[in-house]
Amino acid sequence: MDSATHHCLMQNVLSSLVLRPFRLTLQVLMCFGLLALGLSGFAIANTNTTEHNEFDWYATLEQNIRTASWRQLSSLEEQIEQHQEHPLHAYLLRAKINRNFTYANRREVEQFLNDYDGMPVVSGMRKRWLKYLAGKNHFHSLARNYRDGMGAELTCHYLRHQIKQVDDPEPYIQQVTGLWLHGKSQPDNCDPLFWLWRKAGYLTPELAFTRISMAAKQGERKLVTYLKRFLPTEQQYLANAWLAVMGNKNQANVSRLFPLKHPDQEAEILVWAIEKLAWQSPLKAVDAYNKWNEKSVFSVPQQHVLRRAISLSMTIDDLPEALTWLNKANVAGVNDDVVQWHIAYLLRSESWQEILTVINQAPDALQQEDFFRYWQARAYEGLGQSEQAITVYQALAQERHYYGFVASARLNQAPTFGHEPAQRNAEVINAVALHPAAVRAKAFWTLQNYTQARREWRYLLSQLSTEEVTQAGILAHEWGWHSRAIVSFAQSGYWDDVERRFPLAHASQFEIAAHEHGISQPLAMAIARRESSFMSDAVSTAGATGLMQVLPSTARYLSKHRVSRNTLFQPQANVGYGAQYLRYLTDKLGNNDVLISASYNAGWRKVLAWLPEDSTVPMDIWIENIPYRETRDYVKAVMAYREIYAMQLNTPSPFFASLLGASAPTYNQIEAYMSGGEGETCAATC
């Protein structure tokens with residue numbers, strides 16, 4: 001080390017007394033001349049070929065480490081050592097350790113785990129090491145390396161080992177209760193531990209019934225049958241009752257299953273069964289509820305649960321008894337969604353006075369929410385109380401969300417976007433950019449290892465103050481890493497930087513695709529923002545992929561040939577298929593962005609089923625009566641995002657103004673439109 005570098009390091013070690021930890025690392029990086037590698041421009045540069053080449057050395061070396069022969073691997077150690085001061089060095093070490101992940105190499109493995117504990121580079125590695133040790137019966141090492149939250153199997157290995165090592169095993173045996181109370185069968189290696197726990201007297205009838213209930217609610221019939229033996233003989237009928245209602249919710253009506261010998265436990269079973277029954281057949285649920293409620297079986301909270309399920313199920317099915325049950329359910333202490341559905345049901349008949357009454361009876365905090373304020377104003381307007389309506393609309397119109405935009409349209413004024421960009425702090429941004437986690441995140445993003453990049457970014461944010469997280473959002477936006485910019489602004493709570501939170505990501509691809517397929521570019525970008533936050537490698541649990549979360553099966557249907565997931569990870573292809581699907585929905589449903597966005601989320605066949613058969617409903621009222629909460633929220637968000645993107649693209653949107661006088665088309669209209677019978681009429685009204 002030359003004298004200048006030594007002097008620089010000594011200065012910055014002393015400065016660590018007053019600087020935050022990552023700032024010391026930043027200064028050390030600077031001392032070693034890493035800025036000469038191009039990191040000085042790293043903070044604000046966009047991805048380019050030069051930048052990609054900067055990290056090609058890592059990709060090549062890491063690949064060589066993973067694939068080299070043992071003889072070649074030893075020769076690569078010198079190259080690994082040459083990069084020991086680089087933030088990616090730990091990943092090279094990990095690759096080397098993974099080649100010799102053995103007990104003989106335990107000192108190197110465990111030193112690595114301890115040196116980087118809690119950092120993304122060891123994500124999943126400790127658990128894998130513990131499983132390896134357990135498989136080789138090295139339980140002393142397992143106990144030394146164990147951490148909380150490693151899962152039931154490893155925890156059982158750990159506790160069994162500790163119990164054997166200590167004079168007083170009681171504290172460890174007590175921890176078994178949490179493992180035993182689980183709705184699924186636990187690993188076999190836990191059985192000896194459970195035996196010790198039961199022998200020590202911890203298993204009570206109350207715990208046995210609790211676990212039986214947990215298992216029943218998860219559909220584990222075999223486990224319920226097994227656990228039945230741990231109940232006293234005179235309580236075993238409770239397990240039989242659980243088994244009966246698991247098979248047939250109508251069994252909640254069978255008196256012999258519920259003799260009320262243990263009413264509290266029986267009530268728990270009945271509440272679960274009747275609640276499930278309510279969503280299948282609300283009228284049968286009413287019979288069961290009335291039968292047992294007359295015998296004072298249910299507590300007040302349990303009554304709330306059952307009345308909620310019955311009333312909401314009836315409301316969604318539009319049964320004549322719905323309003324009666326909504327009135328029963330909408331009492332103090334009830335879930336907020338009961339109040340919302342009560343209003344939504346009354347909206348169908350535009351019963352404005354009753355709506356005002358329900359709103360005024362709601363808790364004060366609830367009345368301040370956007371939904372309640374908007375419908376309060378609509379009720380005032382419906383009752384001819386214009387001044388009161390305008391006052392509420394004016395307050396709402398100052399806010400940037402679905403209801404604020406609708407309120408602006410009702411006042412015939414431009415929407416308020418409230419764009420206040422976060423002020424760029426160059427000093428903080430440069431410091432954040434040179435934080436090792438940011439360097440690692442950017443490197444992996446450049447190398448298109450997006451999963452590891454996001455792990456590093458998440459770790460980075462955990463190390464920063466709120467203001468620094470906002471600046472990190474600006475940094476990510478400048479890099480063009482839009483999904484992390486959106487995440488960062490959300491974490492810091494800086495909501496008013498509209499342009500960075502709703503970026504014009506891939507705008508040229510969206511423009512081309514929108515023009516090609518004759519769809520709305522703001523709508524397409526709004527859907528992408530809602531679906532993936534512009535994360536090109538996003539994959540949902542259902543398999544929807546990429547920016548616009550296109551299913552491979554949908555892409556195959558549209559293109560008439562197989563489309564790989566890798567293709568859907570490519571932004572241009574994904575946007576093309578997403579736009580083509582929007583065209584498909586437009587052809588099905590007419591030029592109606594509400595129905596199109598609802599169909600994008602839930603499927604067009606479901607949306608058809610939600611439409612009134614032959615009577616029109618104002619569109620804003622229809623939106624509130626979408627049965628799926630996810631789809632209701634989705635439609636409102638996409639419509640608001642659509643307005644924001646229309647503003648960003650300088651293409652003023654008439655959507656919210658047109659919403660005011662619009663009605664949801666009927667099922668019959670859409671059927672006629674799809675068959676070509678009334679195409680022009682439906683295109684105008686749909």
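Couple of notes before you dig in:
- Net lengthening on full extension, LEU319/GLU170 (0.36 nm per residue, minus Cα-Cα): 47.9 nm
- Taking amide H as placed 1.01 Å from N in the peptide plane, ILE519 has no amide H partner under 5 Å among residues 5 or more places away or on another chain.
- Cα centroid of segment 464-490 to Cα centroid of segment 62-92, whole Å: 32
- Derived scalar couplings between HN and Hα for segment 151-168 equal x, 4, 4, 6, 5, 5, 4, 4, 5, 4, 5, 5, 4, 6, 8, 10, 6, 10 Hz in order, rounded to whole Hz, by the Karplus curve 6.51 cos²θ - 1.76 cosθ + 1.60 (θ = phi - 60°), x for Gly and Pro.
- Note on segment 142-178 and segment 408-455: Cα centroid distance 43 Å, given to the nearest whole angstrom.
- Computed label-point distance, nm, for sites LYS131 and ASP337 using a 7 Å Cα→Cβ extension: 3.5
- Here the Karplus relation 6.51 cos²θ - 1.76 cosθ + 1.60, evaluated at θ = phi - 60°, turns the backbone of segment 551-557 into coupling constants of 6, x, 5, 5, 4, 5, 5 Hz, with x for every Gly and Pro.
- In terms of the mean number of neighbouring beta-carbon atoms within 10 Å, the peptides 504-511, 121-128, 144-151, 403-410 order highest first as 403-410, 504-511, 121-128, 144-151.
- Rel. contact order, % - alpha carbon contacts under 8 angstrom, at least six apart, the chain: 9
- Evaluated with a Cβ-only charge set (Lys, Arg +1; Asp, Glu -1), the chain carries a dipole of roughly 2660 debye about its Cα centre, given to the nearest 20.
- The Rg/Rh ratio for segment 507-685 is 0.95, where Rg is the radius of gyration of the alpha carbons and Rh is the Kirkwood radius.
- Cross-link reach is defined here as a Cα-Cα straight distance under 22 Å, omitting same-chain residues fewer than 8 places apart; for LYS636 the lysines meeting it are LYS588, LYS606.
- Positive contributions from Lys and Arg (+1) and negative ones from Asp and Glu (-1), summed over other residues with Cβ under 13 Å from the Cβ of GLN79, come out at -3.
- Computed log₁₀ I(q)/I(0) - Debye formula, equal Cα scatterers, no solvent, segment 504-612, q 0.21 Å⁻¹: -1.12
- Peptide ranges 70-82, 341-353, 222-234 listed from the most packed, as the mean C-beta count within 10 angstrom indicates: 341-353, 222-234, 70-82
- Those aspartates and glutamates that a straight Cα-Cα span of less than 12 Å connects to LYS249, excepting residues fewer than 8 apart in one chain: GLU275
- Each label was represented as a point 7 Å from its Cα along the Cα-to-Cβ direction; for GLN394 and ARG229 these points are 7.5 nm apart.
- Packing-based ranking, highest mean first, of 157-167, 493-503 given that Cβ atoms within 10 Å are counted: 493-503, 157-167
- For the pair LEU76 and LEU504, the difference between a 0.36 nm per residue extended length and the Cα-Cα distance amounts to 149.7 nm.
- Equivalent ellipsoid semi-axes - Cα gyration tensor, the chain, angstrom: 49, 42, 24
- Summing charges over all other residues whose Cβ lies under 15 Å from the Cβ of PHE489, with Lys and Arg as +1 and Asp and Glu as -1, gives 0.
- Dipole of the chain, positive end: most advanced residue of MET214, ALA152, LEU558 [Cβ charges, Cα centre]: ALA152
- When the charge dipole of the chain is built from unit charges on Cβ atoms (+1 for Lys and Arg, -1 for Asp and Glu) and taken about the Cα centre, the candidate among LEU660, THR225, VAL594 whose Cα reaches farthest toward its positive end is THR225.
- Residue-wise HN-Hα couplings along segment 257-264, as the Karplus relation 6.51 cos²θ - 1.76 cosθ + 1.60 with θ = phi - 60° gives them from phi, are 6, 10, x, 6, 6, 10, x, 5 Hz; Gly and Pro carry x.
- Amide H contacts under 5 Å for LEU551, placed H, 5+ residues apart: THR545
- Cα centroid separation, segment 180-252 to segment 533-576: 44 Å.
- Legend: calculated FRET efficiency, ASN105 to SER564, from the Cβ-Cβ distance at R0 = 35 Å, rounded to 0.05, equals 0.35.
- Expressed per residue, the C-alpha convex hull volume of segment 616-655 stands at 58 Å³.
- Taking amide H as placed 1.01 Å from N in the peptide plane, the amide H of SER663 sits under 5 Å from that of MET619, each at least 5 places away or on another chain.
- Extended-chain gain in nm, criterion 0.36 nm per residue less alpha-carbon gap, VAL254 and LYS328: 24.1 nm
- Segment 507-685, dipole about Cα centre (Lys/Arg Cβ +1, Asp/Glu Cβ -1), debye to the nearest 20: 680
- Projecting the Cα atoms of THR651, PRO87, THR67 onto the charge dipole of the chain (Cβ charges, centred on the Cα centre) puts THR67 farthest toward the positive pole.
- Magnitude of the charge dipole, segment 571-644, Cβ model with Lys/Arg +1 and Asp/Glu -1, debye to 20: 260
- Projected label points at LYS291 and THR616, each 7 Å from Cα along the beta carbon direction, are separated by 4.7 nanometres.
- Global form of segment 156-240, assessed from the alpha-carbon gyration tensor, a/c cut-off 1.5: prolate
- Counting Lys and Arg as +1 and Asp and Glu as -1 over every other residue whose Cβ lies under 10 Å from the Cβ of GLN471, the net charge comes to -2.
No value in this document is a laboratory result; all are computed from the given coordinates. Remember, it's a predicted structure, so these values are computed and weren't measured experimentally. Backbone-built Cβ (ideal geometry, glycine too); neighbour counts: all protein chains shown.
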